[in-house]
Amino acid sequence: MQKMYTPKDVAEMLSVSEYTIRKWIREGKIAKTMKFGHKTIRIPQSSMDDFLVLWQRDNEMASYDVEPK
């Protein structure tokens, strides 16, 4: 069985707010989450792995978007 994370766990790992993680889940940026009831969400390790690949790529590309002065 793979490791499961709460939105709070993921927020701490990425140094963003828990609100941001929940927003990314709603937007589908973090996929394949498991919901239990109204508020309880768990994020499997495999979903985290998929998201981190995209997140790192986007952050690398953002650093190239800055035009030199």
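Here are some notes:
- If you count Lys pairs in the chain whose Cα atoms are under 14 Å apart, skipping same-chain pairs closer than 8 places in sequence, the total is 4.
- Length-normalised contact order of the chain in % [C-alpha pairs under 8 Å, at least 6 apart]: 30
- Compactness ratio for the chain: Cα radius of gyration over 2.2 N^0.38 Å (N = residue count) comes to 1.25.
- Descending by average beta-carbon neighbour count within 10 Å, the peptides 24-32, 4-12 line up as 4-12, 24-32, the highest first.
- Per-residue Karplus couplings for the range 37-51, computed as 6.51 cos²θ - 1.76 cosθ + 1.60 with θ equal to phi - 60°, are listed in order as x, 7, 10, 7, 10, 10, 10, x, 3, 4, 5, 5, 4, 4, 5 Hz, Gly and Pro entered as x.
Laboratory data are not the source of any read-out in this text; all were calculated from the coordinates shown. No experiment lies behind these values; they were computed from the predicted model shown. Backbone-built Cβ (ideal geometry, glycine too); neighbour counts: all protein chains shown.
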